[in-house]
Each structure stands twice: as structure tokens, then as C-alpha cells.
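Step one of this worksheet: look at the structure below.
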Amino acid sequence: LVCLDALKRASARRITAVIPYYGYARQDRKSSGREPITAKLLANLFKEAGASRLVGVDLHSGQIQGFFDGPVDHLTAMPVLVDHLKSLEGDLAIVSPDAGRVKVAERYAMQLGADLAIVHKRRSHSAFNTVEAKEVVGDVEGKVCVLVDDMIDTAGTICAAAEQLAERGAIRVIAATTHGLFSDPALERIAESPIEKVVVTDTLPLPDGTDPDLVKVLSVAPLIARAIDAVFEDASVSEIFGGNNLS
């Protein structure tokens with residue numbers, strides 16, 4: 001925000017803020033009384049500081065694009081993750097860890113020619129950031145299951161889903177996500193879960209001491225570079241992703 005203000009005061013003609021990870025993205029609505037909508041507040045701050053355009057990667061929800069009063073380019077790390085997942089051997093199943101990510105999971109399944117499954121979850125109202133996975137919709141027995149999500153924070157959702165998949169006969173469980181927040185005790189939970197490996201991108205730095213055998217990092221820098229080039233050449237950003245960046 002300070003840099004944006006400095007550029008605005010230096011009479012920059014156009015300022016594009018590239019935000020690989022949009023902070024507070026999960027606070028995009030009021031889920032109970034007296035809660036802020038911080039994702040909207042952040043968009044207002046970017047605008048007031050001088051940003052005329054935003055570029056983000058895998059926003060938590062598509063509605064965030066409407067929070068900013070200006071153009072928003074919504075990129076997706078799907079091409080990078082799909083290229084890596086193509087190297088997996090075995091009968092593949094793409095798994096959505098909750099109902100909210102089904103649309104994204106369907107796109108992964110189509111790209112990889114894989115089956116689709118869904119884990120039904122319920123959040124605990126008595127404990128913060130606690131998830132209970134209840135049921136699996138779809139056949140995962142004997143399959144290599146890939147859990148796809150936009151972010152892993154404390155890993156409660158992804159680990160609870162992995163337990164359900166293992167109980168239903170999945171032979172391997174891999175997690176693929178764009179943003180690896182890994183708030184404590186995420187890495188410890190993952191290490192003790194059926195998850196064999198987590199594939200993330202470099203939108204965020206990994207915590208110190210992260211086991212490279214557990215977490216594989218892929219770069220989204222080439223994707224962002226192509227998007228920036230398209231923005232300043234007045235070309236279509238969506239064409240880079242074949243429409244898969246649309247929410």
C-alpha cells in the first residue's frame with residue numbers, strides 16, 4: 001500500500017497491483033453477526049492507495065473480483081498443477097474436500113481425464129477452524145486420490161478428507177493447492193495423516209523447516225509474467241487459461 005501511494009504521488013499513469021495471494025480472502029461475507037467483510041475492506045484500501053488494476057491468483061471466491069472498483073484479472077495455477085499431476089501413475093480420482101470446491105475439482109478432472117469425488121464436511125461451531133469430514137460421494141477404492149483446494153491453512157479440512165478417503169480404500173492420497181499458508185499445526189497434521197505429498201505453488205513462502213519430501217513447490221512466475229504481458233499489450237488474460245480462470 002505504501003508503494004502504491006508513492007507511485008500515485010509520482011504521477012504514474014497506470015498502476016497494476018500483482019497480488020499472488022489475496023489476504024483475508026475468506027472474509028468475503030458475514031457468516032455471523034458483528035463480523036467484518038475484510039476482503040472488501042482490503043480492495044478499498046488498494047483502490048484508495050492508487051491501484052487502478054488488480055492481478056490475483058486463485059481468489060478464494062469469485063465475488064472478490066467485484067469488491068474492487070476497477071479491472072481484476074483472476075489467474076489460476078491450474079495449468080501448473082495439472083502438468084505436475086499428469087506424472088502420477090494409477091487410476092486417478094480428483095477429490096473436492098467440500099461442496100464449495102466442486103466446480104474447480106470438475107475442471108481438474110476434465111483436464112486429467114480422471115474420476116470425480118466429493119467429501120462432505122461440517123465445520124464445528126464450538127471450536128474455531130475445526131472441521132469434521134462426514135461422507136465421501138463417489139468411488140475412490142483402489143484409486144490415487146488428489147485433493148484439490150485453493151489453500152491449506154491449518155490443514156484441518158484436507159486431513160479430515162484424507163482420513164475419509166483412506167478409510168474407503170484409496171491407495172494413495174495427494175493434496176494439490178495453490179496457496180500454502182501452513183499455519184501451525186498444519187505440517188504436523190499432514191505428516192501424521194494419510195497424505196503422501198502436498199503440491200503447492202510459490203505464491204507464499206514456506207515455513208522454516210518444511211520437509212521437502214512432504215511438500216513439493218511449483219512456480220507460478222511464468223503464468224504471472226504472461227498475464228502481465230497480456231495486460232500491458234491489451235490482450236485477453238482469459239485466453240491464457242482457456243476460460244478455466246472464470247469462477
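Quick notes
- First in the range 154-177 and among the acidic types (Asp, Glu), second anywhere and crowded, with 21+ Cβ neighbours inside 10 Å, Cβ under 7 Å, 6 or more apart: Glu163/Ala133
- Inclusion of Thr76 among residues that are under 25 Å from Ala230 (Cα atoms), surrounded by 21 or more Cβ atoms within 10 Å (Cβ to Cβ), in contact (Cβ under 8 Å) with a residue 40 or more places away in the chain and among the polar types (S, T, N, Q) is warranted.
- Here Cys145 does not fit the description of being among the hydrophobic types (A, V, I, L, M, F, W, C), closer than 22 Å to Val82 by Cα and assigned to a helix (DSSP H, G or I).
- When the range 84-110 is filtered for residues that are free of Cβ contacts under 8 Å to residues at least 40 places away in the same chain, of a type outside the set (Lys, Arg) and under 19 Å from Lys143 (Cα atoms), the ones remaining, listed by number, are Ser87, Val102, Glu106, Ala109, Met110.
- Residues in the range 168-217 that are part of a loop (DSSP other than H, G, I, E, B), among the charged types (D, E, K, R) and closer than 21 Å to Glu89 by Cα: Arg168, Asp213.
- Picking from residues in the range 220-235 that are under 14 Å from Arg14 (Cα atoms) and charged (D, E, K, R), the one that is modelled with the highest pLDDT is Glu233.
- The set of residues in the range 135-182 being among the small types (Gly, Ala, Ser) and over 14 Å from the mean Cα position of the chain (by Cα) consists of Gly138, Gly142, Gly156, Ala160, Ala161, Ala162, Ala166, Gly169, Ala170.
- Qualifying positions in the range 218-238 - more than 28 Å from Val144 (Cα to Cα), part of a loop (DSSP other than H, G, I, E, B) and of a type outside the set (Asp, Glu): Ala235, Ser236, Val237
- Hits in the range 1-34 (condition: polar (S, T, N, Q) and touching a residue at least 12 places away in the same chain (Cβ under 8 Å)): Thr16, Gln27
- For the range 79-111, filtered to residues that are part of a loop (DSSP other than H, G, I, E, B) and not hydrophobic (A, V, I, L, M, F, W, C), the residue that is nearest to Asp229 (Cα to Cα) is Lys86.
- For the range 31-51, the candidate set comprises residues that are under 21 Å from the mean Cα position of the chain (by Cα) and either on the phi > 0 side of the Ramachandran plot or part of a loop (DSSP other than H, G, I, E, B) (or both); within that set, the residue that is surrounded by the fewest Cβ atoms within 10 Å (Cβ to Cβ) is Ser31.
The values are calculated or read from the model by the stated rules, or taken from the named source; none is laboratory data. The model shown is predicted, which means the values in this text are computed figures rather than measured ones. So basically every Cβ, Gly included, is an ideal-geometry build from the backbone, and we count neighbours across all protein chains shown.
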